[in-house]
1. Taking the Cα atoms only, what angle lies between the long axis of helix 173-193 and the longest principal axis of the chain, rounded to 10 degrees?
2. Taking the Kirkwood radius as the inverse of the mean 1/r across Cα pairs, report the Rg/Rh of region 37-99.
3. Please state the equivalent ellipsoid semi-axes for region 73-153: what are the square roots of 5 times the Cα gyration tensor eigenvalues, largest first, in whole Å?
4. Kindly report the accessible area of the chain per residue (heavy atoms of protein chains, probe 1.4 Å, no ligands, DNA or RNA), in Å².
5. If packing is taken as the average count of other Cβ atoms within 10 Å, what order do 7-16, 28-37 fall into, highest mean first?
6. Can you compute 3J(HN,Hα) from phi for each residue in region 68-82, using the Karplus curve 6.51 cos²θ - 1.76 cosθ + 1.60 with θ = phi - 60°, rounded to whole Hz and x for Gly and Pro?
7. For the chain, calculate the relative contact order in percent as a whole number, restricting contacts to Cα pairs under 8 Å that are 6 or more residues apart.
8. Lys and Arg at +1, Asp and Glu at -1: add these up for the other residues within a Cβ distance under 10 Å of Val148 and post the number.
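The values are calculated or read from the model by the stated rules, or taken from the named source; none is laboratory data. These figures come from a predicted structure and were not determined experimentally. Cβ sites come from the backbone with ideal geometry, for glycine too, and all protein chains shown count toward neighbours. Heavy atoms of the whole protein, side chains included, go into the accessibility calculation; ligands, DNA and RNA do not. Shrake-Rupley method; radii C 1.70, N 1.55, O 1.52, S 1.80 Å.
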Amino acid sequence: MQESLDSDLSHDKEQILKDHLQKCPECQKHFQELKRIEAYIKSPSHIRVSSGFTTGVMARLPKEKSSAGVKRWLRNHPILAAASLFILLMGGSVLNIWNDDQKFSVTKQPNLIVENDTVIVPEGEVVNGDITVKNGNLRIEGKVNGNVTIINGKRYLASAGDVTGDIEEINQIFEWLWYKIKDGGKKIINLFEGE
């Protein structure tokens, strides 16, 4: 009878059991009781768990490592992970270039005097072309026929000083970054124009 309930009987033996149950009321009653017991055991309606069962089971589970959570997040959000990595690397590159660009320098022009970290256009002198001073100061007492750019410094214009072009002071990283972008654009334009 148990083999029949477990569906382990061959077709021939199943037929023998059915024939016997039709003739024997006692075995038929026993077989029906076995069926009811099996149905009761398989039914979840009689199973009741305590109110804190789920909380208790969850508390006993091993804790997930934080690296597993990060890995799962990266796997589920690959575009955000790539964008974050790109921003991180670009930010690091910009800061690295900014820090490397902290040495004093000046564009070579005749008639300029350099004293410590100050570049001077002397009174009565004329500089034809642009002047760029990095990490220093510029004092203009003469005349500049061109643009003046001071990066991380100050400009002092004497009363007789004169600049025909634009004067630009760059003292913050974002201004410096914009200056680098514009300067790169000018170089690309000059390449295409054949200069």
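1. So the inclination is approximately 70 degrees.
2. On the way: Rg = 24.6 Å, Rh = 17.0 Å.
My calculation puts Rg/Rh at 1.45.
3. Numbers: eigenvalues 376, 29, 11 Å².
Equivalent-ellipsoid dimensions as semi-axes: 43, 12, 7 Å.
4. On the way: 14660 Å² over 195 residues.
On a per-residue basis, 75 Å².
5. On the way: 7-16: 10.3, 28-37: 12.3.
Ranking the peptides 7-16, 28-37 by packing returns 28-37, 7-16.
6. Rounded to whole hertz, the list is 5, x, 5, 4, 5, 4, 4, 5, 7, 10, x, 5, 5, 5, 5.
7. Relative contact order for the chain comes out at 10 percent.
8. Details: positive: Arg155; negative: Asp130, Asp166, Glu168, Glu169.
Value of the local net charge: -3.
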